[in-house]
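See structure below.
The values are calculated or read from the model by the stated rules, or taken from the named source; none is laboratory data. The structure presented is a predicted model; accordingly, all values stated were derived computationally and were not measured. Cβ placement follows ideal geometry from the backbone for every residue including glycine, while neighbour counts extend to all protein chains displayed. We work out accessible area using only protein heavy atoms, side chains counted, and drop any ligands, DNA or RNA first. Shrake-Rupley method; radii C 1.70, N 1.55, O 1.52, S 1.80 Å.
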Amino acid sequence: MLVGRIASRQVVFHACDIAIARGVRAGMTLAEATALCRGLVHGDHDPQRNARSLQAFAQWMIRFSPVVEASLPDSIYLDVTGTERLYGGLERLCRLVSESLKKLRFSTRIAIAPTPGAAWAVASFGRRDRAIIAESGVSEALAGLSVAALRLEPEILESLDALGIETIGQLMILPRKSLPKRFGAPLLKRLDQALGLIAEPLVPVRFRRRIEAALEFESPVESLEMLWEALNRLIAEVTDALKTQGRGAKRLVLEFTSSDASRTQKEIHLSQASADSAKLFNLIRLASEAVKTETGFVAIAIKVQASEKLTHEQMSLLHKVSREAERDFVDLTERLALRLGENAVRVAELVPHHVPERAFRLLKFDSPSSMALKSELPSPCHKARPLRLLPTPTEVRCMIYPLSDEEGIPVSFMLKGQSFQLAHARGPERITGPWCEGRDKTREYFDVEDKAGKRFWLFRISETRKWYLHGYF
Amino acid sequence: MPENPNPKLHAPSAEFKPKVMPNDVAYAELGVTTNFSFLRGASHADELVAQAAALGYRAIGITDLNSLAGVVRMHVAAKEVGLKLVVGSRLQFKDHSDLLVWPVDRMGYGELCTLLTIGKRRTDKGECDLSMGDFLNGCKNVHAAIVPGEAISQTVAGEVGKLKDVLGKQLSIAASCTYESDNQSRLEEWVALGRRSGVPLLATNDVHYHIPARRKLQDILTCIRHGCTIFDAGLRLFQNGERYLKSPQQMQSLFREHPKAIERGLEIAHDCSFNLDQLKYEYPDELAPAGRTALEYLSDLAWAGATERYPSGIPARIRELIERELRLIGELKIETYFLTVYDLVRFARARGILCQGRGSAANSAVCYCIGVTSVDPARIDLLFERFVSAARNEPPDIDIDFEHERREEVIQYVYEKYGRDRAGMTAEVITYRGRSAVRDVGKAMGLGLDTVDYMAKQLGWWDRGTMTDEKLHEVGLDPSDRTVRMVVELTGQILGFPRHLSQHVGGMVMTRGLLSELVPIENASMPDRTVIEWDKQDIDDLGILKVDILALGMLTCIAKCIQFINDQKPTDAPPLRMYSIPSEDPAVYEMASNADTVGVFQIESRAQMSMLPRLRPNKFYDLVIEVAIVRPGPIQGDMVHPYLRRRNGEETVVYPSEPLRAVLEKTLGVPLFQEQAMRVAMVGAGFSAEEADKLRRAMAAWRRSGAIEEFHRKIIEGMSRNGYSLEYAEQCFKQLRGFGEYGFPESHAASFALLVYVSAWLKRHHPAAFCAGLLNSQPMGFYAPAQIVRDAQLHGVAVLPVDVNQSKWDCTLAPPAPAGGGDVKPRWDWGRTGPGVRLGFRMVRGLSERVVREIVKLRDECGGFRSMDHFCKATALSPAVLARLAKADAFRTFGLARRPALWAVMGRVSEPSSLFEDMEEREAAVLLPTMPERQEVTADYQTVGLSLKRHPVALIRADLRRMNIIPAEDLGHASAGRFVKVAGLVLIRQRPGTASGIVFVTLEDESGIANLIIRPAVFERYRQATCHSMLVEATGHVERQGQVVHVMVRKMRDLSELLGGCENKSRDFR
């Protein structure tokens, strides 16, 4: 079941047959649906993802006919004119499509008709899952179907329903002239499209070939130079293909096959899409350095798993230098990430939080522009905070004055056997831990300076009276 | 535990028992934020006061943000413990740092109220928009302290300088050592600033809660205020938990370098001698004409009214009553109150707005004579002194009900007469109750919305008791989980916290002087309403007059009904008035005894209907009892059955003593009214009038269980001392406790009973006018229009459909026509000879009144529409409106059914007829499929909410018969215990709090009504079918109780599909 959000309510958009049988309907709230149907599994309704998968599915359907249209939310049109001979009759084509889709675990309804409109009508509202309508049988096939089979807007369907016009047959006997005035132009247009009185060309999906390149060696290759040579050829192949499509690679997979037939894969993520062979080579070289083999490789391949349209940036006159610097920086971070691992390159972000070690967080480096944005968050920076914060506070032994006073001021402390005599102590500033996480002790921070002029950030936990060093100014 | 003299003060929380400390250090904390700074302060007024007293504070101040809403509570609490309170407020400016402001005297208090009123009236409800200019203009007699904030900037220094010029010695700098950065360096900055400008420092701890443990709650409140969770609240929370009431020693130590700052607080507290007790409430004085005192004028009005009310001479008893009441009114000096009420009633009368007074003082002879009530003191024996006792140092209580559609006129009259600055609506403090508390706390603790809703639903009974681990387990929550534990703990703390101010249903306050100098006034969320910051309890505590101006749908209905009747009368006949309706008409009582009361005020509910045949009322006082007896109070106190048995002579009426006989005689020895409960306590257990009044308050504070238990011991002891048996005493107490859940005062019952009688009389003698009046006053009452119409048809009234050539906006009376309609077989025939009812356009969903008035005007001008073409051209309505009318089947007058009419109006252009209209080519006639009857009925329900053609269930009767479902009328002769299946539209679902989870459902089919009783277990199993279906099948066995038949349900099934989209709106009541 798919669930979307309307205002603050979670509403059912689509449901599977089992859920529908239990009374779940589109438009219900999630709570109502779960009440009807225990153990209901639901995912988020994502129209964009839906559209993307339908497009991909349409791509796949090109194997049956070169002209395929994807129509939201759940229809695919194929122009099968002239393919009878190829498949040995429409019957067989129909069966072939239906069986291949069944293997993909899709339930389908298929109709072949002289017009897309009629095909949709029969497929959606016909009695059988598969139907073939002959040139002469269109009007007859449509007459018995509900007017909803004409792909009409809900308002028109409502008006027709109010007048008691349920079937296309009833609609067809009404005077044509009186229809547009009452229902608007789309009604006649849809009717005529279905009947073939006006043409309805399909809008076919563009066929896009997958970009990949592979090379098999005659004997296992061990030398790095030879590998790089081979990679260079593959990269040239891939970048050519990318350039003809005007796209750049965003994610690549390198695949190495050893002579024992074991495979090693290496993924490369790019911060910015690129079709620049030199850049790709550098990255790929870095990535392949880590790949080890005992016996040598018998084959290598590069597959572009994700690509983006390349935007041709306008090169501004003045910012050229900084742009280049930025690109160099990005290149550097990409190379560092490949060498040291995905998580090695981080960027710090300020977080509004009272507890010092919570007042920032480390993020995966994304791109320089996102970094700029993150540092603008507010923070308690007008307060005394040390430049260096220890990852974890270190316990120290501390002398206070007056000795007997629980709220005494620190006068000296011991760290790693070394004693620090303090000249000044400012504080305390009290910060209470996040009690919602079960940490509700209060720290009393002091900004202290020893006689040599070194400044430290010490704190005492009010409840335990223990002292810690938390940073250096 | 000592008894709790003020119900507003809740019991001190067990979590903290303050120890009394030696108070050799003198300290006064003046900057205190209570929980009336909504979602900021985390302690109740009384908690703060009790803690301050325990710590030995010399005084405590209150400075809620831009508000004085909590001062009365603080005042009452402080008075109780004998602690000095400094009233004040924290003002926020758009162009200046915050100021803490404490009025020095009454004058300064008035200035502060006025300033807040200005700021609040300028902007939306709950907001305050002030600039420093406003403050400098208005506030002179105050002490103020500037709150400089974290870092001292140049601006603050400038501000201090400027304020110093105006306030002189009355300005301080509020310094607080809350350890948010280094205290000492902050203090030094402030000291330096003060020294530069010659302004002293004032020590305060910016208190937000009374004890450190409340800090978590304060954090949660902050989260609720910002709509965030505790995990992402970040810097919006205070950095630590220092803002509690610290001991004077602690404060002294914090300010050890600056002891003057501590002294400054004591100085201010000493200077500010203002106390809320100095507020003198004065009644408006313009009510009596020049030359007459208010009492003389009231007396004139009463005697003049008496002469009018009793044309054949004032009976001696009444004369005596009036004299006694006037004397008492004079003694208590409450005559102006009566004149205020009289003024409202007089205004309403002049405007033709029906109204009726209700409440303890309303049913007095004086009120009857001046027209506040129509309950004749001769007909009912109510003792005035009982309600307006000298001991109760409170203004008397009169609520006035007005026609619900016209009440706003009365409210606006009050504003106009006294002015916005002299009259205002009472506030209602919306507090956290079980569900809202769980919901808000859960959300702030970061629980998912679904979990929070689930918890809130499961734990709806939270406010009645504590949350134990077992209970948590029961609802599937892990009590060892930290978050769950925190939610439970914090929810317990937040219960009873005020969340925001709303407006009271109708309480209005009017003053002689400026109300805005008494209490700040703010805008309500409703347009044209202004509300004061105090609620009913605050006003009572200060002894301020309030009149409740309430809305009552039945009065609207009665007014409209009487109008219909008078319109039908010949012009020379005397018009019918509510008070001229003949009393004690046996036909009315007979109708009521047969439970034939659909639409009648109060006694139309199912519980009332099943009581009527058992009680068989035959005089006015029986109706008073009927109204009072079907209430949770008497039901839980187990008084219903004893009363019925005694009334039917099955049990002898015995009185435990002669004195109690006098109290209980009129209700056959069974206490049914709140007043009787009080009298039993006084006469039986020797309570003083004052104690009895406390008892009354305890009973009124319903659901606050515990309060009434304090009286348990007292009653038992008192009664055994007076020689009553322990058994009888316990029984009395049980009955009293019943009233805690919903006692009904006799005076209210009497006023309501009058409306019961009037509406029943109208229904009995003018069924068509009554039906039309009800329809025109919707929404009101228990029944939907479909049932009201059906009931009229059952009484022989002809009901005619909406018709473009006949209907008006309202439903109207039509000339007498053949009875019935559709498939209704009239059961009574007294409506047969009278007029019929023509449904008005208001019944058609989605039509605007303006459009309809236009149609009716054009129709009157052209003498009726001749054809569809004529109608469309004359009215030039938009296609959407035309389609709506066609779908509502309103064009039958042109011989057009729904579908042809819709076809005819579709595609018409909404322009006035053009020159070329005749040249438009004629369209070929079309033949549309005829609409099947079932769809016609369905369409009727969808467009008009009812059908005059057939009952929807009648259309599927054949199907139902095949399913062995019997018509509802067959239940009448089904033997008890028989297993039956019935089906019908769901009219009403009810789950009364008193019935331990039993759900009552009323079904209607074409033959009548079936009453279902569903036990909780059955309900849980069939919740979906019971709550979400329009047509439902119920299987169960028949139960009989006299004339009343129920089906005890075993199984419910949703049959809505059979109807195919027929909409029926049931009315659900909890």
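Collect the residues in the stretch B:364-397 that are open to solvent by less than 20 Å² (accessible area, probe 1.4 Å), over 23 Å from residue B:507 (Cα atoms) and either basic (Lys, Arg) or modelled with pLDDT under 75 (or both), keeping them in residue-number order. Answer for the stretch B:364-397, where residues must be open to solvent by less than 20 Å² (accessible area, probe 1.4 Å), over 23 Å from residue B:507 (Cα atoms) and either basic (Lys, Arg) or modelled with pLDDT under 75 (or both): B:380, B:382.
Among all residues of the stretch B:305-319, there is at least one that is in contact (Cβ under 8 Å) with a residue 40 or more places away in the chain, surrounded by fewer than 22 Cβ atoms within 10 Å (Cβ to Cβ) and of a type in the set (Gly, Ala, Ser). Being assigned to a helix (DSSP H, G or I) and either out of contact with any Cys (no Cβ under 9 Å at 6 or more places or on another chain) or farther than 30 Å from residue B:979 by Cα (or both) is the filter here, so list the residues in the stretch B:935-954 that pass it. Matches in the stretch B:935-954: B:935, B:936, B:937, B:938, B:939, B:940, B:941, B:942, B:943, B:944, B:953, B:954. Against the list (1) of a type in the set (D, E, K, R); (2) away from chain A (no Cβ under 12 Å); (3) in contact (Cβ under 8 Å) with a residue 40 or more places away in the chain, the condition residue B:216 fails is (2).
Would you say residue B:180 is modelled with pLDDT of 90 or more, more than 21 Å from residue B:446 (Cβ to Cβ) and either within 14 Å of another protein chain (Cβ to nearest Cβ) or surrounded by fewer than 18 Cβ atoms within 10 Å (Cβ to Cβ) (or both)?
no
Can you pull out every residue in the stretch B:1041-1059 that is surrounded by 15 or more Cβ atoms within 10 Å (Cβ to Cβ) and either of a type in the set (Lys, Arg) or in contact with a Cys (Cβ under 7 Å, 6 or more places away or on another chain) (or both)?
To start, the set of residues in the stretch B:1041-1059 that are surrounded by 15 or more Cβ atoms within 10 Å (Cβ to Cβ) comprises B:1044-1050, B:1052-1056, B:1058-1059.
Answer for the stretch B:1041-1059, where residues must be surrounded by 15 or more Cβ atoms within 10 Å (Cβ to Cβ) and either of a type in the set (Lys, Arg) or in contact with a Cys (Cβ under 7 Å, 6 or more places away or on another chain) (or both): B:1050, B:1053.
When you scan the stretch B:495-503, do you find a residue that is within 23 Å of residue B:70 (Cβ to Cβ) and either in contact with a Cys (Cβ under 9 Å, 6 or more places away or on another chain) or among the acidic types (Asp, Glu) (or both), even just one? Before you say what the answer is, go through the steps one by one.
Initial filter on the stretch B:495-503 (within 23 Å of residue B:70 (Cβ to Cβ)): B:495-503.
Cutting the leftovers down to either in contact with a Cys (Cβ under 9 Å, 6 or more places away or on another chain) or among the acidic types (Asp, Glu) (or both) gives us none.
Scanning the stretch B:495-503 turns up no residue that is within 23 Å of residue B:70 (Cβ to Cβ) and either in contact with a Cys (Cβ under 9 Å, 6 or more places away or on another chain) or among the acidic types (Asp, Glu) (or both).
So that you can scan it fast, the table gives a plain yes or no per residue for (1) within 30 Å of residue B:499 (Cα to Cα); (2) free of Cβ contacts under 8 Å to residues at least 12 places away in the same chain; (3) in contact with a helix residue (DSSP H, G or I) (Cβ under 8 Å, 6 or more places away or on another chain):
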position: B:115; (1), (2), (3): yes, no, yes
position: B:120; (1), (2), (3): yes, no, no
position: B:126; (1), (2), (3): yes, no, no
position: B:137; (1), (2), (3): no, yes, no
position: B:146; (1), (2), (3): yes, no, yes
position: B:161; (1), (2), (3): no, no, yes
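Taking helices (runs of 4 or more DSSP H) as the structural unit, those lying wholly within the stretch B:601-671 and holding at least 3 residues that are at pLDDT 85 or above and not aliphatic (A, V, I, L, M) correspond to B:606-615, B:620-629, B:640-647. Screening the stretch B:926-977 for residues that are without any contact (Cβ under 8 Å) to a residue 12 or more places away in the chain and within 14 Å of chain A (Cβ to nearest Cβ) and picking the one that is farthest from residue B:904 (Cα to Cα) gives B:932.
What number of residues within the stretch B:102-122 satisfy the criterion of being outside any helix (DSSP H, G or I) and among the charged types (D, E, K, R)? Even if it seems obvious, please write down each step before you answer.
Applying the first criterion (outside any helix (DSSP H, G or I)) to the stretch B:102-122 yields B:102-105, B:122.
From what is left, the residues that are among the charged types (D, E, K, R) are B:105, B:122.
Count: 2.
Listed by first and then second residue, the pairs linking a residue in the stretch A:146-173 that is in the same structural domain as residue A:185 (by TED's automatic domain parsing) to a residue that is of a type in the set (Lys, Arg) and open to solvent by 30 Å² or more (accessible area, probe 1.4 Å), with Cβ atoms under 9 Å apart and 6 or more places separating them unless they lie on different chains, are A:150/A:190; A:151/A:190; A:152/A:190; A:156/A:190; A:162/B:887.
Take the stretch A:410-436 and flag every residue that is within 12 Å of chain B (Cβ to nearest Cβ), open to solvent by 60 Å² or more (accessible area, probe 1.4 Å) and either under 22 Å from residue B:240 (Cβ atoms) or outside any strand (DSSP E or B) (or both). Before the answer, list the steps.
Looking only at the stretch A:410-436, we keep the residues that are within 12 Å of chain B (Cβ to nearest Cβ), and these are A:424-436.
Those left that are additionally open to solvent by 60 Å² or more (accessible area, probe 1.4 Å): A:424, A:426.
A:426 - this is the single residue of the stretch A:410-436 that is within 12 Å of chain B (Cβ to nearest Cβ), open to solvent by 60 Å² or more (accessible area, probe 1.4 Å) and either under 22 Å from residue B:240 (Cβ atoms) or outside any strand (DSSP E or B) (or both).
Close contacts from the stretch B:277-293, counting a first residue that is under 30 Å from residue B:105 (Cβ atoms) and a second that is basic (Lys, Arg), with Cβ to Cβ under 7 Å and a gap of 6+ residues or different chains, come to B:278/B:106; B:282/B:512; B:283/B:512; B:284/B:512; B:285/B:512. Within the set B:160, B:156, the sole residue that is touching a Pro at 6+ places or on another chain (Cβ under 6 Å), modelled with pLDDT under 90 and either aliphatic (A, V, I, L, M) or over 30 Å from residue A:459 (Cβ atoms) (or both) turns out to be B:156. Taking the stretch B:829-870 as the range and being among the small types (Gly, Ala, Ser), assigned to a loop (DSSP other than H, G, I, E, B) and on the phi < 0 side of the Ramachandran plot as the test, the residues that pass are B:831, B:834, B:840, B:848, B:867. Selection over the stretch B:629-685 of residues that are of a type in the set (S, T, N, Q), more than 31 Å from the chain's Cα centre (by Cα) and within 27 Å of residue B:613 (Cβ to Cβ) gives a count of 2. Restricting attention to the stretch A:180-228, the residues that are away from chain B (no Cβ under 14 Å), in a helix (DSSP H, G or I), more than 28 Å from residue A:69 (Cβ to Cβ) and open to solvent by 40 Å² or more (accessible area, probe 1.4 Å) total 4.
Out of the residues in the stretch B:102-129 meeting the condition of being in contact with a Gly (Cβ under 8 Å, 6 or more places away or on another chain) and surrounded by 23 or more Cβ atoms within 10 Å (Cβ to Cβ), tell me which one is nearest to residue B:419 (Cα to Cα).
Here is the first cut: in the stretch B:102-129, the residues in contact with a Gly (Cβ under 8 Å, 6 or more places away or on another chain) are B:102-103, B:111-112, B:114-115, B:118, B:128-129.
Applying the additional criterion that residues be surrounded by 23 or more Cβ atoms within 10 Å (Cβ to Cβ) yields B:102-103, B:112, B:115, B:128.
Values: B:102: 27, B:103: 25, B:112: 20, B:115: 17, B:128: 21 Å.
Filtering first and then ranking leaves B:115.
For the stretch B:586-595, residues that are surrounded by 21 or more Cβ atoms within 10 Å (Cβ to Cβ) and of a type in the set (D, E, K, R) total 0. Taking residues in the stretch B:479-504 that are within 14 Å of chain A (Cβ to nearest Cβ) and open to solvent by less than 10 Å² (accessible area, probe 1.4 Å), and partners anywhere that are among the basic types (Lys, Arg) and part of a helix (DSSP H, G or I), the pairs with Cβ atoms closer than 9 Å and at least 6 places apart or on different chains are B:490/B:216.
Taken as a whole, the structure leaves residue B:799 outside the set of residues that are in contact with a Ser or Thr (Cβ under 9 Å, 6 or more places away or on another chain) and buried (at least 21 other Cβ atoms within 10 Å of the Cβ). The residue pairs whose first member lies in the stretch B:892-908 and is more than 10 Å from chain A (Cβ to nearest Cβ), whose second member is acidic (Asp, Glu), and whose beta carbons are closer than 6 Å, counting only pairs six or more residues apart or on different chains, are B:893/B:803.
List the helices (runs of 4 or more DSSP H) that sit entirely inside the stretch A:63-179 and contain at least 3 residues that are more than 30 Å from residue B:884 (Cα to Cα).
A:84-87, A:90-103, A:116-125, A:138-143
Only one of the numbered conditions (1) within 21 Å of residue B:58 (Cα to Cα); (2) open to solvent by less than 10 Å² (accessible area, probe 1.4 Å); (3) within 12 Å of chain A (Cβ to nearest Cβ) is violated by residue B:243, and that is (2).
Filter the stretch A:393-409 down to the residues that are open to solvent by 50 Å² or more (accessible area, probe 1.4 Å) and within 13 Å of chain B (Cβ to nearest Cβ) and list them by number.
Taking the stretch A:393-409 as the starting set, the residues that turn out to be open to solvent by 50 Å² or more (accessible area, probe 1.4 Å) are A:394-395, A:397, A:399, A:401-407, A:409.
Within the stretch A:393-409, A:402, A:405, A:406, A:407, A:409 meet the criteria.
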